[in-house]
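Presented below is the structure to which this report refers.
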Amino acid sequence: MTANRLAESLLALSQQEELADLPKDYLLSESEDEGDNDGERKHQKLLEAISSLDGKNRRKLAERSEASLKVSEFSVSSEGSGEKLVLADLLEPVKTSSSLATVKKQLSRVKSKKTVELPLNKEEIERIHREVAFNKTAQVLSKWDPVVLKNRQAEQLVFPLEKEEPAIAPIEHVLSGWKARTPLEQEIFNLLHKNKQPVTDPLLTPVEKASLRAMSLEEAKMRRAELQRARALQSYYEAKARREKKIKSKKYHKVVKKGKAKKALKEFEQLQKVNPTVALEEMEKIENARMMERMSLKHQNSGKWAKSKAIMAKYDLEARQAMQEQLSKNKELTQKLQVASESEEEEGGTEDVEELLVPDVVNEVQMNADGPNPWMLRSCTSDTKEAATQEDPEQLPELAAHEVSASGAEERPVAEEEILLREFEERQSLRKRSELNQDAEPASSQETKDSSSQEVLSELRALSQKLKEKHQSRKQKASSEGTVPQVQREEPAPEEEEPLLLQRPERVQTLEELEELGKEDCFQNKELPRPLLEGQQSERTPNNRPDAPKEKKEKEQLINLQNFLTTQSPSVRSLAVPTIIEELEDEEERNHRQMIKEAFAGDDVIRDFLKEKREAVEASKPKDVDLTLPGWGEWGGVGLKPSAKKRRQFLIKAPEGPPRKDKNLPNVIISEKRNIHAAAHQVQVLPYPFTHHRQFERTIQTPIGSTWNTQRAFQKLTTPKVVTKPGHIIKPIKAEDVGYQSSSRSDLPVIQRNPKRITTRHNKEEKL
Amino acid sequence: METAPKPGKDVPPKKDKLQTKRKKPRRYWEEETVPTTAGASPGPPRNKKNRELRPQRPKNAHILKKSRISKKPQVPKKPREWKNPESQSGLSGAQDPFPGPAPVPVEVVQKFCRIDKSRKLPHSKAKTRSRLEVAEAEEEETSIKAARSELLLAEEPGFLEGEDGEDTAKICQADIVEAVDIASAAKHFDLNLRQFGPYRLNYSRTGRHLAFGGRRGHVAALDWVTKKLMCEINVMEAVRDIRFLHSEALLAVAQNRWLHIYDNQGIELHCIRRCDRVTRLEFLPFHFLLATASETGFLTYLDVSVGKIVAALNARAGRLDVMSQNPYNAVIHLGHSNGTVSLWSPAMKEPLAKILCHRGGVRAVAVDSTGTYMATSGLDHQLKIFDLRGTYQPLSTRTLPHGAGHLAFSQRGLLVAGMGDVVNIWAGQGKASPPSLEQPYLTHRLSGPVHGLQFCPFEDVLGVGHTGGITSMLVPGASEPNFDGLESNPYRSRKQRQEWEVKALLEKVPAELICLDPRALAEVDVISLEQGKKEQIERLGYDPQAKAPFQPKPKQKGRSSTASLVKRKRKVMDEEHRDKVRQSLQQQHHKEAKAKPTGARPSALDRFVR
């Protein structure tokens, strides 16, 4: 180890020295002394290094620190030469002698050799080994994942795993001396014999058997591997082609093309020699391709001519024009055909292309604004406003152009906006004409254009402002108009309500009104009109008067209840009327009714019930907690109550519970209390994979008992998860059991290769 | 409790044990040695009940039609998997005209489905979803199996149809008796017992036995089909009510002072003094509870399996003399003099619900077997049918000339009302529909005012107790034609009864589980779940189920600077916040939309209004 390190340091040193050589030469002339000192130190170091090479500590040589001209034969110093010692220098004197060539060679080899990496320490090596082993093992074991998953998801597992294949043996094999006896059997065998089907021994013909055993597992696997390889190759090829296609380098493509052309030429020449007719055809093909290339203007800009023209265009007007021509031609050819309406508006020469960029909205809006539909106008103007604000100054001329084209077409409605617009457009058209004129002149004046466009812009802005104001005012008007009808619309409602509100206190005094109201919000499911019993009305009125008008809801309930209970239902038509009544029917009935009336004159069932319900509702409401302490922060004593503010401050309001189940059922009180005894039997913890109680509830909704299911279903629902056959050894699962071929040896290669290490690791873990 | 109709598990009549000398089983292809046996090949005759009331109908055709018409794309049929298609056509080469399993009609399958798929579930993870899918697949499979086994319910309910336009109510008992077979005709009888006053009566759960008690102390029990008297005693005290306990061997009699229990020999087994002045009795068979309503206003639950009083509830409504049970959820309905009906469970000290039904006092209450409808009659001469599925609103109301004093529902939903000395029976359209009160199905006049009514289970028979004795009248289509042989078998032997008794006791339902919606027991107790969560959070100091705050993933190439991490975090936070705001806005919007009354619809001319 130490030797190694030493050698390394030595080499490093020598290299450093070599590197330092060059600058040192320059420096030497200037500061020789320094260089000397430096060299000496290094030399000393080298010596030390060499001396310690063989491991043993040599007797140290006496060092000479003072300057001397004496040269010791033991210690070599470079003092005299005044140069730095290099490895090559050592060998310089021996250069001539051929006997030392081997040593020289060795030295050069040492020089050329790279440093050997320091071996890692033991722990690190072990860690790496472990990591690799873990990865390998994990990979090997990962093939079991599907099996494990399958077993986990399986409804039932039967152990031991391997099952004996039920041997399908024909009955003739199983039972010797079996004979067809029943008429059915006899008939069947007659048929079989007639058709010459195999009856007894080979129940299946050899062909059938072969087809049954058509493909073994190995074969299938091999075939699959083949297919896989083919697919992989194809995909590689495709990927390669794609990659090559993607390469943007023109040079590359040029080279490729040239290579192809060369190849084609060679082949063509060969063909000429071998088969001239085919070669002719080939020739034609090549010619065709060239023609196609020329005809298509594919490389209009990249051609030699085009390039030269581009260079010339800077200085030469003609060249520029030629280039422009070519470009325009190209554009003409490459452009898509435009729709007629748009093309007719295109007037400017160079601005045509730009014009296409103008959003369609502008056109649309204009068209709509011109259109005869007044109902669409409002929305359109707002649109124009938006469009106008959004438009760039460049696009304005186009807008103007549209308007010019449109202005001659038809008359406008006499709206103010329209007048404004028209003014603007006229101005625009004038300007446009002048612009066109300017355009016609060869020297286009940029400044005027700019100024004109700015003018247009400012004007348009002003217009848009005006439009905006107009629009807003109109909007307001509209809104005011809108609100008025709303108010008017709403007014009748208060008028309707008002009487009700006014009536409310006295309303219930007369029951006729109440009855009317009851009719109004009578349940819809009541098909039959249910008038109140006349006789009872007068009796009931005093009782029914509610204390305060605010109990509106209860009143409604009351009304509903009234309706619900006091309606006269159609009497049943019965063939046999009870005998006793039959005799004195009318009289009896009348008497009976009278009796009932008298009996129930005093007590009001409905009122009692409502009262009870109100109490129940109150009782079930969550109570507020009052934490006020009288006397704190203020005077206390008998007859003094804490202030309202304080009470408000210390009152903890209970959260409002869920709505009662009988909220909308006037005739029912449903207890909101929880049945704690039953709740003890309910599930209180959600089992693992479920996150919401409803999910779990769905899985337990089907009963599994035999009371609710057929026997088969019951058995299936209650099958045990794991079934073991008694008296059988359950062996651990093997790769062969699940269709893997790998032997157990290759299963865990790493573990078996270095079992010791693993075991030691296990031991460590155990210790921990 | 909820029970699904099960295939009739008829127990074949026992063969004589002496005869069982093992003979070699004779095959059909062997020579017929004994010609007489061939004729008698169809097995022992099935227990025939009075289904002969209906005209013979080609049953097979009906079933065939059913199975062919059924168009059920939903019901998945597992196609048979054949390895090679040639084998489908067998050796003979004939094709199976109906390949695959037989189709099952959707409606029948729907009947057995219990998962309410209309309720939306919150979004679930893949693992949960797979569990849900498994549950749903299981439900479907089991319901299909159950639907298939409906085929085994061979018996069909009887019915009575008038000739075109003829009112069935005009058909009197004598006509019916004439039309039916002798065995069924024997089920119509009158017991003239004028001496011991108006009678109350009760059929046992199997419908085989009848017990009746007269006001003046006459108590008797008999096997009414064979008319074999089991016991007849006079308790020398006024008898208010009489009821069989879980089997026909025990008999509870509410006498003037106390409640007494007799066995079928008439021997007094118990005198329960804690239940005094009992007016009405009800027995809850699955809970083994005897509910008694007393003059003192107490509703007492007595567990007859252990002899303990489970609960004594004060109804605070005076004398109780109207009581019935809801067979679906074992809730007791009490009628009160203030026109209300209150619903009780032994687990709660106060009524589960109170329904205002009549202006006058309630005279009679009855609940149908599915627990969907309740019929009440009051002193205001009205007969009402209420919906018990949450709304408690009357579905139909009729005024009777003389209010009904007694009401009873049959197993198939027929309603009988006793008014004076007349009984009226109303029938609905189908099994699950309420009886329509438009027209009575049958009427019958008795020799005295009615005092007790009950339909006999599994027989088309109505028993009426009145001052003149007992009348058993035929009501075609009243009860369930198919019985569950393991649950309530009318033909069971003593041994079978003992077996059943043990099983029933093992499956006894605790009294505290009685509640309005028994399906609620299969739900998670949300309140304690949330409370437990809260406690856990308090204990741990943090919420273990809380969503972990977003932690941006470290990225390379200098994009994982602290600033960019913070920026990314902020982005996610902002997005969440925006979502929240959006949701709350939406909710507000919804609320406003709901609150806003929909005024007059906007007309097309509105656009012209400026």
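The values are calculated or read from the model by the stated rules, or taken from the named source; none is laboratory data. Since the model is a prediction, treat every value here as computed from it, not as a measurement. Here the Cβ positions follow ideal geometry from the backbone for every residue, glycine too, while neighbour counts run over all protein chains shown. Accessible surface is based on the protein model in full, side chains and every heavy atom, while ligands, DNA and RNA are left aside. Shrake-Rupley method; radii C 1.70, N 1.55, O 1.52, S 1.80 Å.
Key figures for this structure:
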quantity: Residue-by-residue Karplus 3J(HN,Hα) for the stretch B:558-574, coefficients 6.51, -1.76, 1.60, Hz, glycine and proline x; calculated: x, 8, 10, 5, 4, 4, 5, 4, 4, 4, 5, 4, 4, 4, 4, 4, 4
quantity: Loop-resident sites, the stretch B:302-394, for trypsin sites (Lys or Arg not before Pro), counting at most 13 other Cβ within 10 Å (DSSP); calculated: B:ARG316, B:LYS349, B:ARG389
quantity: The stretch B:436-482: C-alpha gyration tensor shape, a/c 1.5 cut-off, then a/b vs b/c; calculated: oblate
quantity: Accessible surface ranking that places the most exposed of A:ILE676, A:ILE652 first, with a 1.4 angstrom probe; calculated: A:ILE676, A:ILE652
quantity: Listing of the stretch B:396-416 residues, each with accessible area lower by at least 20 Å² in the full protein assembly than in the chain alone (probe 1.4 Å); calculated: B:THR397, B:ARG398, B:THR399, B:PRO401, B:HIS402
quantity: Violating pairs (Cα-Cα greater than 32 angstrom) within the set A:LYS248/B:LYS567; A:LYS196/A:LYS221; A:LYS163/A:LYS209; A:LYS250/A:LYS309; calculated: A:LYS248/B:LYS567; A:LYS196/A:LYS221
quantity: Exposure rank, largest accessible area first [B:SER410, A:SER99, B:SER305; 1.4 Å]; calculated: A:SER99, B:SER305, B:SER410
quantity: Test item: B:507-516 mean partner chain Cβ contacts at 10 Å; calculated: 3
quantity: 5 angstrom amide H check on B:ILE242, placed H, neighbours 5+ away; calculated: B:ALA254
quantity: By accessible area with a 1.4 Å probe, ligands and nucleic acids excluded, highest first: order of A:TRP635, A:TRP708; calculated: A:TRP635, A:TRP708
quantity: Ordering of B:155-162, A:682-689, A:269-276 by burial proxy (mean other Cβ atoms within 10 Å per residue, highest first); calculated: B:155-162, A:682-689, A:269-276
quantity: Out-of-range pairs (alpha-carbon distance over 19 Å; input A:LYS150/A:LYS734; B:LYS533/B:LYS553; A:LYS623/A:LYS653); calculated: B:LYS533/B:LYS553
quantity: Where trypsin sites (Lys or Arg not before Pro) fall in DSSP loop in the stretch B:115-205, at most 12 other Cβ within 10 Å; calculated: B:LYS117, B:ARG119, B:LYS120, B:LYS125, B:ARG194
quantity: Accessible-area value, A:LEU191, 1.4 Å probe, nucleic acids and ligands omitted, Å²; calculated: 80
quantity: Chains A and B, summed buried accessible surface - 1.4 Å probe, Å², nearest 100; calculated: 8100
quantity: The stretch B:145-150 - phi-based ³J(HN,Hα) in whole Hz, Karplus 6.51/-1.76/1.60, Gly and Pro as x; calculated: 4, 4, 5, 4, 6, 4
quantity: Residues with amide H under 5 Å from that of B:TRP258, placed H, sequence gap 5 or more; calculated: B:ARG277
quantity: Heavy atoms of A:TYR252 accessible to a 1.4 Å probe, total area in Å² rounded to 10; calculated: 80
quantity: A:ASP145 accessible area, 1.4 Å probe, all protein chains in place, Å² to nearest 10; calculated: 90
quantity: Karplus (6.51, -1.76, 1.60) ³J(HN,Hα), θ = phi - 60°, over the stretch A:128-139, in Hz, Gly and Pro reported as x; calculated: 4, 4, 4, 4, 4, 4, 4, 4, 5, 5, 4, 5
quantity: The stretch B:453-610: C-alpha gyration tensor shape, a/c 1.5 cut-off, then a/b vs b/c; calculated: oblate
